[in-house]
1. For region 58-64, take each phi angle, set θ = phi - 60°, evaluate the Karplus expression 6.51 cos²θ - 1.76 cosθ + 1.60, and give the result in whole Hz per residue in order, putting x for glycine and proline.
2. What Kirkwood radius, in Å to one decimal, follows from the Cα pairs of region 1-106?
3. Under a 10 Å cutoff between Cα atoms, tell me which one of 141, 265, 286 has the largest fluctuation in the Gaussian network model of the chain.
4. Express in whole angstrom the spacing between the alpha-carbon centres of region 84-106 and region 266-326.
5. Highest mean first, how do 251-259, 146-154, 217-225, 78-86 rank when packing is the count of other Cβ atoms within 10 Å averaged over residues?
6. Quick check on the chain: helices-only [θ] at 222 nm, where DSSP H runs of length 4 and up contribute -39,500 (n - 2.57) each and the sum goes over total residues. Nearest 500, please.
7. Is there a quick way to get the dipole size of the chain? I mean about its Cα centre, with the Cβ of Lys and Arg at +1 and of Asp and Glu at -1; what is the value in debye to the nearest 20?
8. Going by average Cβ density within 10 Å per residue, which order do the peptides 163-171, 65-73 take, highest to lowest?
Amino acid sequence: MKILVTGGAGFIGGNFVRLMLSEYADIEIINLDALTYAGNLESLSDLEGNPRHTFIRGDIASMEDVEKVFSGHAFDAVINFAAESHVDRSLHMGVSHFIETNIKGTQLLLDAARQHGVPRFVQISTDEVYGSLGPQGRFSESSPVAPNNPYAATKAGADFLVRAACRSHKLDAVITRCSNNYGPFQFPEKMIPLMISNILEDKPLPVYGDGMQVRDWIYVEDHCRAVDAVLRRGKTGEVYNIGGLYDVPNIEVVKLLLKLLEKPESLIRYVEDRPGHDRRYAMDAEKIQKELGWKPRVKFEEGIRKTIDWYLANREWLSHVRSGNYMAYYDRMYGKRKAAAG
Ligand code: NAD
Ligand code: DAU
């Protein structure tokens, strides 16, 4: 099986690539990633020299880059993880990159998959497309799509394009919508790794608003296993919700991290809230459990300990992504190769 994974130098895509290569001896992965600030080849260094993994630096929003990749390989599936993924950036640093990658990039991949007859397309979406829940209930696949921030709006737009390609052009496509992931290799702008790295440096922990916003946390490997189940057994045209079944207020997560790292709660700082901050996410993941036999394996208490241990053991990775040094790593690894090809 030869699959195109986009965004495979990012947090979830990288974990997915590693899991697939270790679980299946017959899988070959072409990993297309633009290496934005969030993409990091250092996260894939253990895969160097693996003949079943090929990294290609390229932009899913460039027709030329996409066409080059599709004309060079016959894919059995495309899995689109590539995205601008951070809500705060979409609120404070402009939306154009989000539109380019999340919307235009998705459409270019859909077009290429159709033109090249790729038999399966998996779009990695998010629970954020459903907007915010009140105090009761959970999101099901039939909840209205009602995004509240620019990132979520672009992901919802991509979902509609995937649906349209499936309905109009009979592309075999499936959509997954997962809740908040945590685990190794997550960029430290997202809440859990940001709090861990600040705690390690005794820096203040910025908690937005009253800290009572609820997120449904899932260990990244569980999300990756769910994507694998959808890739292999998901029904064409369907949406599958994925969740960790652990929904708690942010402040509880922050206090737990402080406890596990033996640091005082006096590090907590309540700061100005995120504009339009979604109050509560919680997933009803019954459909994927019943139809595809997937369920989360890692309990939050176990996953968070593993995550903390990983960040403690990988302080160099953390300082590199924080300083942007990984671009030097990229030049070291690929600079020569680029020159030879050019
Ligand atoms: P990430 O920001 O860590 O990684 C995104 C990757 O995409 C990076 O490697 C980046 O270089 C690459 N990329 C960005 N623009 C690109 C482009 N134009 N062309 C090619 N590559 C490009 O994101 P993540 O947290 O790993 O999220 C992966 C996917 O999962 C996203 O689609 C996101 O919407 C979705 N998702 C994330 C979560 C979460 O909790 N992190 C939850 C549900 C869904
Ligand atoms: O729900 C899935 C989504 O989860 C994904 O689609 C997104 O790609 C991913 O970034 C994530 O979005 P969130 O906005 O929920 O994640 P983030 O880690 O940015 O924030 C989690 C919660 O913590 C949220 O309620 C905001 C809050 N927060 C976040 C940061 C960065 C803080 O209180 N302080 C912070 O410094």
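Read the figures in this text as sums done on the coordinates, not as results from a lab. Keep in mind it's a predicted model, so treat the numbers as computed, not measured. Note: ideal-geometry Cβ built from the backbone for every residue, glycine included; neighbour counts use all protein chains shown.
1. Here the 3J(HN,Hα) series is x, 10, 5, 8, 10, 4, 5 Hz.
2. 14.1
3. So, out of 141, 265, 286, the one fluctuating most is 265.
4. Cα centroid to Cα centroid, the span is 20 Å.
5. Taking the mean over residues of other Cβ atoms within 10 Å, the ranking is 78-86, 217-225, 146-154, 251-259.
6. Here the helix-only value at 222 nm equals -12500 deg cm²/dmol.
7. Result for the chain is approximately 400 debye, rounded to the nearest 20.
8. 65-73, 163-171
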